[in-house]
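Structure, as structure tokens:
Every read-out reported here was derived from the displayed coordinates using simple, explicitly stated rules and does not represent laboratory data. Given the structure is predicted, the values throughout are model-derived calculations rather than measurements. Note that each Cβ is placed from the backbone with ideal geometry, even for glycine, and that neighbours are counted across all protein chains shown.
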Amino acid sequence: MSFQAPKGTFDWMPPRSELALAVRDAMSAPVRRAGYGYVETPTFEDTALFARGVGESTDIVSKEMYTFEDKGGRSITLRPEGTASTVRAVLQHGLQNGPLPAKVWYSGSFFRYERAQKGRYRHFSQVGAEALGVEDPALDAELIQLAAEGFASLGLTGVRLLLNSLGCAACRPAYRAALQDFLRALDLDDATRARVELNPLRVLDDKRPEVRAQLGGAPLVTDHLCEACKGYHEEVRSLLTDAGVAFADDPRLVRGLDYYTRTTFEFVHDGLGSQSAVGGGGRYDGLSEMIGGPPLPGVGWAIGVDRTVLALEAEGLAAPRSSGGVQVYGVALGDEARRLLFSLLIELRRAGVTADMAFGGKGLKGAMKGADRSGATYAVIIGERDLAAGAAQVKDLASGEQAAVPLAEIVTTLKERLTQ
Ligand code: AMP
């Protein structure tokens with residue numbers, strides 16, 4: 001074969017691709033029920049949107065963006081995440097002047113030039129939800145509960161929720177200074193020292209064992225929250241508890257950028273090895289201003305579709321419907337029967353029955369082999385004699401039982417049998 005999918009990417013192929021669809025449906029259904037509207041933004045944006053909206057000092061912006069110049073000389077970047085684009089679209093369309101919160105959700109492809117490994121790809125897929133314009137702990141709790149609901153509806157039991165608060169513009173500076181004092185005394189390489197000055201919270205997120213080992217006594221943000229942030233966080237925690245959403249407080253869970261405030265959370269799954277995060281999010285009250293908008297608080301999350309599929313597989317929940325998943329498979333002998341079958345299939349599909357047929361003029365034997373392979377429950381066979389009798393043979397492919405059914409009754413008969 002001459003071409004392969006590019007490094008760090010893969011194809012979703014049937015039947016496994018059914019799982020990706022199932023995850024998208026399961027994660028979006030709860031937010032749709034909660035009044036979130038669907039938005040679809042371009043797959044690429046002005047590079048500056050991400051540089052400002054994600055942050056120059058992040059790995060995403062400094063190392064991982066797919067950036068190119070288009071033929072008009074503009075610097076364009078394939079979107080590495082969804083929040084900056086969504087906030088840009090909300091502002092561009094003036095949703096901040098309408099009823100608030102503006103609640104939106106999205107689903108699509110994202111691109112990061114990462115070191116590829118299991119669960120970490122250069123092209124991946126997320127479902128995300130954002131609520132803008134209101135700062136209310138009930139909104140943070142709502143979003144977290146909706147994501148938890150989505151995971152639970154897939155049957156996943158191994159997803160854990162980690163929760164933290166990052167404070168606000170009032171209390172974060174004192175914490176940042178205390179953290180810097182602590183970090184400056186550690187044995188760190190030059191790049192990490194530079195990070196201590198620029199973005200000390202990110203050092204807490206360092207995964208290297210030699211750094212981790214020194215972070216044991218680091219000051220915790222939760223010990224530095226102001227009264228307002230403490231009260232807000234307590235309210236989020238108690239709403240989640242009342243809603244039956246289990247969580248673990250993780251005072252080391254951080255996001256490196258200044259516009260992330262207060263609530264921050266991550267959903268992790270222990271069956272995934274090092275790439276354990278299946279989703280994450282939090283409050284980003286300063287983002288709108290970072291990209292040139294008015295003050296507009298926001299909270300949201302993004303769920304990784306690819307990793308959630310891996311979680312389903314890790315829990316043994318990955319039994320996609322066999323093959324493409326049709327219920328009825330049609331076999332016709334002769335041109336006239338074939339034309340009839342073609343129309344019958346359309347009727348079956350309109351009645352909500354999934355149906356396929358043998359294509360390519362196969363003989364009876366080849367066509368019946370197709371029926372077996374299709375995973376269908378029933379075959380509908382129309383031969384010359386059936387045609388003359390105005391009937392078709394309906395064959396139960398599991399038991400092999402077969403009976404003639406008048407053509408006019410095929411759709412209702414099959415629909416009834418399939419819903420039994
Ligand atoms: P983030 O935008 O980094 O907060 O990511 C949100 C979620 O998207 C993560 O929890 C992952 O499940 C997923 N994700 C992020 N980056 C990748 C990647 N390179 N490959 C696969 N999934 C990813």
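Key figures for this structure:
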{"item": "Förster radius 41 Å - calculated FRET efficiency between E313 and S2 (Cβ-Cβ, nearest 0.05)", "result": "0.85"}
{"item": "Sorted by Cβ neighbour density within 10 Å, fewest at the top, the residues R252, R52", "result": "R252, R52"}
{"item": "Residues V411, V87, V394 arranged by fewest to most Cβ contacts within 10 Å", "result": "V411, V394, V87"}
{"item": "Positive minus negative residues near D136 (Lys, Arg vs Asp, Glu; Cβ under 15 Å)", "result": "-3"}
{"item": "Mean projected area (nm²) of the alpha-carbon convex hull when segment 262-420 is viewed from all directions", "result": "15.8 nm²"}
{"item": "P(r) weight above 16 Å for segment 330-420, C-alpha pairs, percent", "result": "49 percent"}
{"item": "Volume per residue that the Cα convex hull of the chain spans, once the total is divided by residue count, Å³", "result": "200 Å³"}
{"item": "Label zone at D46, where the point sits 7 Å out along the Cα-to-Cβ direction: segment 290-306 residues whose backbone N lies under 14 Å", "result": "290-293"}
{"item": "Cleavage-rule hits, trypsin sites (Lys or Arg not before Pro), segment 315-378, DSSP coil, Cβ neighbours within 10 Å at most 13", "result": "K362"}
{"item": "Ratio of the Cα radius of gyration of segment 1-53 to 2.2 N^0.38 Å, where N counts its residues", "result": "1.66"}
{"item": "Out-of-range pairs (alpha-carbon distance over 30 Å; input K71/K118; K365/K415; K71/K207)", "result": "K71/K118; K71/K207"}
{"item": "Cβ charges +1 (Lys, Arg) and -1 (Asp, Glu), total dipole of segment 328-418, debye", "result": "260 debye"}
{"item": "Lys, Arg +1 and Asp, Glu -1 on Cβ, resulting dipole of segment 287-346 about Cα centre, debye, nearest 20", "result": "200 debye"}
{"item": "M290, M65, M13, M27 arranged by Cβ crowding within 10 Å, fewest neighbours leading", "result": "M13, M290, M65, M27"}
{"item": "Helix axis angle, 137-153 relative to the chain longest principal axis, alpha carbon, degrees", "result": "40 degrees"}
{"item": "Where no second cysteine Cβ lies under 4.7 Å, the cysteines concerned in the chain", "result": "C168, C229"}
{"item": "Dipole-positive endmost among T241, P295, V127 within the chain (Cβ charges, Cα centre)", "result": "V127"}
{"item": "Ranked packing of 216-223, 124-131, 234-241, most packed first, by mean Cβ within 10 Å", "result": "124-131, 234-241, 216-223"}
{"item": "Percentage relative contact order, the chain, counting C-alpha pairs under 8 Å, at least six apart", "result": "16 percent"}
{"item": "Farthest positive-ward along the chain dipole, Cα basis, beta-carbon charges - from S17, G55, L78", "result": "S17"}
{"item": "Segment 158-306, relative contact order [Cα under 8 Å, separation at least 6], %", "result": "31 percent"}
{"item": "Lys, Arg +1 and Asp, Glu -1 on Cβ, resulting dipole of the chain about Cα centre, debye, nearest 20", "result": "1060 debye"}
{"item": "Helix-only CD estimate at 222 nm, as mean residue ellipticity for the chain, using -39500 (n - 2.57) per DSSP H run (n ≥ 4)", "result": "-11000 deg cm²/dmol"}
